[in-house]
Amino acid sequence: MFVDLKTDTGPQSASGERQRFERLAKPYELKMNISHHSKKNTLISIYDAALSDNNWRSALDACQKAVNAADAMFYQFSRAETVSFALEETSTNITQHQHLLSEYNQLVAEGRGSNYDEEGLGYVHQTQPYTVTLDENIWSLDETYLARPEVQIALKGGYLRRSFINLSSDPITLSGLIFLYGRNCDDAVPAGVKEVGPFFAPHVSKAAEIFRLTTGLRQKYNAVLSVLDKISTGVLVVLENGNIAVKNRCAQQLLEEKSGVSETKSGQFAANDDTAAALLKRAIQEVGLTAKGEHDQSGVVVQIPRRDGDVPLIAVVSPLRDGEMEIEKGLSGALVTLVDPMRPVDVQCDLVAQAYGLTKAETRVAELVLQGKSNVEISDRFEVSPETVKSQISAILAKSGCKSRVAFIWRVFQLIPPIE
């Protein structure tokens, strides 16, 4: 939904609205400097929401304040019939106007709207992730725009101007932030959103990624960190200093086998390969600092070599805050997800194929990609040329909006989280 609602400022005449928009020819800028303290508090609020059903409103309140907006909205949902995940959250002020929200939803449901949402979504999700789109980039802000039924409802709530940030490169997932502005910003959206919005956007995206991966744990077990054994891939909570705080059974097995990673005698998480060990240590330190609001690293993927030329282990390192205090109040560090292509989780490739429109041949290849097979191994399996396999993998990556095999494997984890 692209409009939501705040305080009623009373009726506005058409001529009055026209005069307001005539001033658009002389835009002004509201200069905004965000302090280190504000950045820190906002990052902490964002990552407090990553594992919680209860903290998204506070996170959006913080983002809204950081960009000098009146309110904020976050949405994430799939356009694929095979995927039912959805997350829609708003900042606090919007909740005071449920009657206008209901009016908006009824307008859309009855087909009395002006195709506002479809136009906005279509435009915003063609832009590069984490870039800011202003309403004036999508529509001509003229009398025709003001007459749209959806905009009229927004005006009742004291909103007019908006800015948008696309948070997804996945062609089947629509995810974004919407910032709403009061009537004091009719002439121009505050300039700070173009500076500050892209800073926070990757962190909101990462928090939503973690939230999506762990949503099954919250729904089934009303917990996350205390039930990591229910995730059928290796997951660890690692402190900023490298010490392992929590590890699930799959991670423990990898550590015991020293399959690319191990636990030192002092209880630290480490890669066996020296180069990967340095990358992993730095990633854990940086995202640990981010979880405390003291860095800007939203996540790192490290490929960890293994003995005898086996397929590398993939470590996805994300900022972690124990917002629900399942383990310890104030705990922060890194959530490390280990993806082992040699032990693929039970992925229903037919669902992946339906979601991204893969052909039968591409589906067969995708299944082997998820198992870490090389192009040569795939071509031998299907008795086709390596060039054919390369072309098919390129098609799979293009259809799923991924730039690499690793990105595709992680996207599938997001699509179908491996929850028992």
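The values are calculated or read from the model by the stated rules, or taken from the named source; none is laboratory data. As the structure is a computational prediction, the values presented were derived from the model and not from experiment. Methodologically, a virtual Cβ is constructed for each residue, glycine included, from the backbone with ideal geometry; neighbour enumeration extends over all protein chains shown. Accessible surface is based on the protein model in full, side chains and every heavy atom, while ligands, DNA and RNA are left aside. Shrake-Rupley method; radii C 1.70, N 1.55, O 1.52, S 1.80 Å.
Only residues that are at pLDDT below 90 and either buried (at least 24 other Cβ atoms within 10 Å of the Cβ) or not β-branched (Val, Ile, Thr) (or both) were counted in the range 307-321, giving 4. Hey, among the residues in the range 403-415 that are surrounded by 19 or more Cβ atoms within 10 Å (Cβ to Cβ) and in contact (Cβ under 8 Å) with a residue 60 or more places away in the chain, which one's farthest from residue 338 (Cα to Cα)? That would be 415. Anything in the range 346-374 that is touching a helix residue (DSSP H, G or I) at 6+ places or on another chain (Cβ under 8 Å), open to solvent by less than 50 Å² (accessible area, probe 1.4 Å) and over 22 Å from residue 173 (Cα atoms)? List them, or say none. Answer for the range 346-374, where residues must be touching a helix residue (DSSP H, G or I) at 6+ places or on another chain (Cβ under 8 Å), open to solvent by less than 50 Å² (accessible area, probe 1.4 Å) and over 22 Å from residue 173 (Cα atoms): 361, 365, 368.
Within the range 293-306, being touching a residue at least 24 places away in the same chain (Cβ under 8 Å), touching an Asp or Glu at 6+ places or on another chain (Cβ under 8 Å) and open to solvent by 40 Å² or more (accessible area, probe 1.4 Å) holds for one residue alone: 305.
When the range 122-152 is examined, which residues are found to be of a type in the set (Val, Ile, Thr) and under 29 Å from the mean Cα position of the chain (by Cα)? Those that are of a type in the set (Val, Ile, Thr) and under 29 Å from the mean Cα position of the chain (by Cα): 124, 127, 131, 132, 133, 138, 151. Among the residues of the range 375-399, those that are open to solvent by less than 30 Å² (accessible area, probe 1.4 Å) and over 19 Å from residue 171 (Cβ atoms) comprise 378, 379, 389. Applying a threshold of 7 Å to beta carbon distances and a minimum spacing of six or more residues, or different chains, the list of pairs starting in the range 176-203 at a residue that is within 16 Å of residue 158 (Cβ to Cβ) and ending at one that is among the hydroxyl-bearing types (Ser, Thr, Tyr) and buried (at least 20 other Cβ atoms within 10 Å of the Cβ) reads 179/163; 180/159; 181/159; 182/159; 189/163; 189/181. Within the set 384, 352, the sole residue that is free of Cβ contacts under 8 Å to residues at least 60 places away in the same chain and either farther than 25 Å from residue 215 by Cβ or not in a loop (DSSP other than H, G, I, E, B) (or both) turns out to be 384.
The single condition among (1) within 25 Å of the chain's Cα centre (by Cα); (2) more than 19 Å from residue 78 (Cβ to Cβ) that residue 390 does not satisfy is (1).
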